[in-house]
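The structure appears right after this line, and notes come after that.
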Amino acid sequence: MPMETTELIARARAGDEDAFRDLVHGHSHELQVHCYRILGSLQDAEDAVQETLMSAWRNLAGFGERSSLRTWLYKIATNRCLDMVRAEGRRPRIAPRLPAAVLPDPSGAGDPPWLDPYPDVLLDRLVEPGPEVRYETTEAVSLAFVTALQLLPPRQRAVLVLRDVLGYPAAEVAGMLDTTQDSVQSALKRARATVDDHLAGSGRPARRADSAAEQRLVARLADALERADLDALIELLAADVRLSMPPVMLEYHGIDAARRVFAAAIFRPGLVYRVVPTRANGRPAFGVYLADLHTGIFRAYGLHVVTTDGDRISALTCFTADVLSRFGLPRTLPETD
């Protein structure tokens with residue numbers, strides 16, 4: 001352990017709060033991403049990290065330095081997340097608002113209502129995982145992957161993230177979860193099967209998208225929205241495109257279903273939109289603003305996260321306007337000339 005870290009630990013154990021903040025500062029952000037993967041909610045992840053750091057401060061005397069400080073913090077954070085997942089009544093917090101439009105019958109149940117988008121700007125400082133990880137960093141924060149994790153029992157969820165995303169050895173994972181290596185390997189096998197099956201069915205894109213082609217495709221999508229050109233938008237979609245709209249648990253598959261949804265909810269007469277580009281979960285996204293016909297001001301309408309596959313859009317996840325502030329996007333845009 002570096003001398004500087006050892007000195008900070010000694011000072012923190014003596015009650016120096018500034019030393020403790022310096023000690024954990026470099027880890028708090030990656031812990032938030034870790035908690036987000038397990039919980040699927042950025043708000044819950046922020047709560048979990050705060051509780052993790054409070055627990056670490058209270059129990060720093062018990063840190064035996066047999067593992068790294070980072071591993072110790074991940075152990076606390078993981079177990080805090082598992083407690084939150086198991087807590088009764090935690091989800092959903094409120095009944096989701098239904099869209100104002102009358103939507104067609106869905107293809108099936110959609111994403112979990114607590115699912116949040118994660119701003120890409122917060123992913124810039126992530127520590128690169130080891131060589132044995134199964135999922136690349138970008139894929140491991142995609143909405144499809146995070147949604148797949150929500151399908152797993154709590155212990156399987158933690159094992160898969162610790163082993164296949166962060167690259168911890170089975171022995172260390174067993175120690176973090178107070179279980180055996182055999183139990184870890186068994187949980188990992190079942191978790192992999194569930195996650196891979198979900199990703200295969202969700203139109204899993206290539207791991208390394210062509211960024212230039214992706215930008216052109218998203219620009220065409222934004223243009224189609226602002227021009228209210230339904231046909232132009234439909235041309236951009238893959239045949240098996242998937243639409244979802246957390247917190248409403250509705251999901252639509254295929255171009256025909258997508259056309260009906262957009263016609264009913266987006267391209268209604270008199271609606272005018274503007275869009276502002278951003279990125280979420282390693283994917284292109286944009287804030288959508290709807291014109292107020294009385295004032296001319298554009299008011300926040302939602303956030304759309306776009307998954308591309310080659311020259312087509314394979315998935316659109318449409319969140320409510322509540323999430324825009326996390327992306328630094330305003331509640332309103334001024335009237336255009």
Go through the stretch 38-78 and count every residue that is among the aromatic types (Phe, Trp, Tyr), farther than 28 Å from Asp111 by Cα and part of a helix (DSSP H, G or I). 2
Report yes if Val85 is over 29 Å from Ile255 (Cβ atoms) and at pLDDT 90 or above, otherwise no. yes
Take the stretch 326-337 and flag every residue that is at pLDDT 95 or above and polar (S, T, N, Q). Thr332
Looking at (1) at pLDDT below 95; (2) surrounded by fewer than 16 Cβ atoms within 10 Å (Cβ to Cβ), find the lone condition where Arg312 falls short. (2)
Positions within the stretch 280-301 being buried (at least 18 other Cβ atoms within 10 Å of the Cβ), at negative phi and of a type outside the set (A, V, I, L, M, F, W, C), in sequence order: Arg283, Pro284, Gly287, Tyr289, Tyr301
For Gly296, work out the one condition from (1) at pLDDT below 95; (2) within 21 Å of Asp231 (Cα to Cα); (3) in contact with an Asp or Glu (Cβ under 7 Å, 6 or more places away or on another chain) it doesn't fulfil. (2)
Would you confirm whether or not the stretch 252-272 contains a residue that is among the hydrophobic types (A, V, I, L, M, F, W, C), surrounded by fewer than 18 Cβ atoms within 10 Å (Cβ to Cβ), without any contact (Cβ under 8 Å) to a residue 24 or more places away in the chain and in a helix (DSSP H, G or I)? yes
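Any residue that is among the charged types (D, E, K, R), surrounded by 19 or more Cβ atoms within 10 Å (Cβ to Cβ) and either at pLDDT 95 or above or under 19 Å from the mean Cα position of the chain (by Cα) (or both) - is there at least one of those in the stretch 104-122?
There is at least one residue in the stretch 104-122 that is among the charged types (D, E, K, R), surrounded by 19 or more Cβ atoms within 10 Å (Cβ to Cβ) and either at pLDDT 95 or above or under 19 Å from the mean Cα position of the chain (by Cα) (or both).
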Look at the stretch 162-173 and say how many of its residues are free of Cβ contacts under 8 Å to residues at least 40 places away in the same chain and either among the acidic types (Asp, Glu) or in contact with a Ser or Thr (Cβ under 6 Å, 6 or more places away or on another chain) (or both). 1
So, in the stretch 160-179, of the ones that are more than 18 Å from the chain's Cα centre (by Cα) and hydrophobic (A, V, I, L, M, F, W, C), which residue ends up surrounded by the fewest Cβ atoms within 10 Å (Cβ to Cβ)? Ala171
Of the listed residues (Ala263, Ala222), the one being under 19 Å from Phe319 (Cα atoms), among the small types (Gly, Ala, Ser) and touching a Phe, Trp or Tyr at 6+ places or on another chain (Cβ under 9 Å) is Ala222
Determine if the stretch 180-189 includes at least one residue that is more than 22 Å from Val85 (Cβ to Cβ), modelled with pLDDT of 95 or more and surrounded by fewer than 18 Cβ atoms within 10 Å (Cβ to Cβ). yes
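To keep it simple, each residue is scored yes or no on (1) within 18 Å of the chain's Cα centre (by Cα); (2) in contact (Cβ under 8 Å) with a residue 40 or more places away in the chain; (3) under 18 Å from Asp120 (Cβ atoms).
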{"site": "Gly282", "(1), (2), (3)": "yes, yes, yes"}
{"site": "Val288", "(1), (2), (3)": "no, yes, yes"}
{"site": "Arg299", "(1), (2), (3)": "no, no, no"}
{"site": "Thr308", "(1), (2), (3)": "yes, yes, yes"}
{"site": "Leu324", "(1), (2), (3)": "yes, no, yes"}
{"site": "Leu333", "(1), (2), (3)": "no, yes, no"}
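Which one is surrounded by the fewest Cβ atoms within 10 Å (Cβ to Cβ), of the residues in the stretch 229-246 that are assigned to a helix (DSSP H, G or I) and touching a residue at least 12 places away in the same chain (Cβ under 8 Å)?
Our first condition is that a residue be assigned to a helix (DSSP H, G or I); within the stretch 229-246, this holds for 230-234.
When the remaining residues are screened for being touching a residue at least 12 places away in the same chain (Cβ under 8 Å), the result is 230, 232-234.
On the way: Leu230: 16, Ala232: 14, Leu233: 23, Ile234: 16.
That would be Ala232.
The values are calculated or read from the model by the stated rules, or taken from the named source; none is laboratory data. Since the model is a prediction, treat every value here as computed from it, not as a measurement. Note: ideal-geometry Cβ built from the backbone for every residue, glycine included; neighbour counts use all protein chains shown.
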